Structure formats: C-alpha cells, structure tokens
Amino acid sequence: MEPLALFDLDNTLLDRERAFTLWAERFIASRDLTPAVLPVIIRADADGSAPREEFFAGLRRELAIDDPVDDLVEEYHVAYPSHCTVEPETILALRALRALRALRALRALRATGVKVGVVTNGPPSQWDKLEATRTVDEFDAVCISAVVGSWKPDIGIFREAARACGVPLEGWMVGASAEADIVGGAGAGLRTI
C-alpha cells in the first residue's frame, strides 16, 4: 500500500465556491449593495486566485466601497472561514474513495497506516477553515503554501508534506486543480486523482 495520501483543501475537501458565495452575500448585505453585484464579486475573486489586496482594491473601485483595503482584507480573513463546511456530496475525495463518507474515508485510510495530509495554496488563514470545520485532527500534516514557502505545483510543498507525515514522497495527490494539484502531484512523483 502507498504510504501517503495528500488532499487539496479548496474545492476538494471543502466546498470553496459555496463558502465564498455565502461570504459574498453577507458582504453585499453588510454594505447595502444590490444583490446584482454578486457576479461582479465572484468574477473578481477568480476562484480564490486573486490576491486579496488586489481583489478588494478592485471591488472598492467597481462598487464604490469606502473602507480601506487593509480593513477589508482583515475582515475577510476573520469572516470567510466560518462559511466553510464539510459536505460529503461535494468532496472529490468521496468520489475517489467509492462513496464512503468523506471523514470516514479519511479515517479508514489512516487506520490502514496511510498518512493523510492537506496540501493547499493560500495564506495562513487556510488553517482557520480546518478549525471551523473541526477537521484539523483528521490529518497527519497540513502544509499551507504561505507558511511553508512553496506553492503548488512546486515540488517543495509536496516534499514538505511527506516530511511532516514522516513518510517517503510516494502515494497519491487528490485535488481540483489540473495545474496545481494534478501536474504538481505528478511532478512530485505522486499518482493523481
């Protein structure tokens, strides 16, 4: 059996699209904006790839928001993680592990001796999502790019995950991004889903 199974966080283990939409709807309501601006906010987000400073600077211009960018970014990092939920029907890991409930599947992997880790691009606040969903203890390691200094698809973040799990870099990478997860995982010598 392969000793390692790594999982992406956003749109793999957690439904980022749903969480972001919930956050955006509350943001719109808190700023007395019209619900018609939701597509503008979603487009500006670029599925989380837009740096938050640029994202909010653009929203300030487009939506005539007065709050300083730094305040908006700080507010986002506090509020957004609370919108994350673990919903097995949205988890790629669920499909990959043949209809087992997601947390049960992770636990089953660990029970067989497989080390299970999260490899995610993003700021340190990615950790807050795991805390909000009470899933921190389900993983042997969590590697967040801004914390470890290496971003997927770079092999460094995969090496760090294996090191943190205490096993060789041999096994699987499960993720939603063709470039970051699949190309990155394959480049690190992992099998990919």
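The residues in segment 163-181 that are in a helix (DSSP H, G or I), closer than 12 Å to Val119 by Cα and either within 18 Å of the chain's Cα centre (by Cα) or among the charged types (D, E, K, R) (or both) can be counted, and the count is 2.
Quick check on segment 129-181: of everything there that is more than 21 Å from Leu106 (Cα to Cα) and acidic (Asp, Glu), which residue is surrounded by the most Cβ atoms within 10 Å (Cβ to Cβ)? Only one residue fits best here, namely Asp154. Within segment 117-139, residues that are in a loop (DSSP other than H, G, I, E, B) sit with their Cβ atoms under 6 Å from residues that are surrounded by fewer than 15 Cβ atoms within 10 Å (Cβ to Cβ) and of a type in the set (A, V, I, L, M), at 6+ positions apart or across chains, in these pairs: Pro123/Ala146; Pro124/Ala146.
Considering (1) closer than 30 Å to Gly166 by Cβ; (2) surrounded by fewer than 16 Cβ atoms within 10 Å (Cβ to Cβ), the lone condition that Phe7 does not fulfil carries the number (2).
Counting only residues that are on the phi > 0 side of the Ramachandran plot and either of a type in the set (S, T, N, Q) or touching a Pro at 6+ places or on another chain (Cβ under 7 Å) (or both), segment 179-193 holds 0 of them.
Each reported figure results from applying straightforward, stated rules to the coordinates on display, with no laboratory input. Predicted model, so just to flag it, every value in this text is computed and none were measured. Methodologically, a virtual Cβ is constructed for each residue, glycine included, from the backbone with ideal geometry; neighbour enumeration extends over all protein chains shown.
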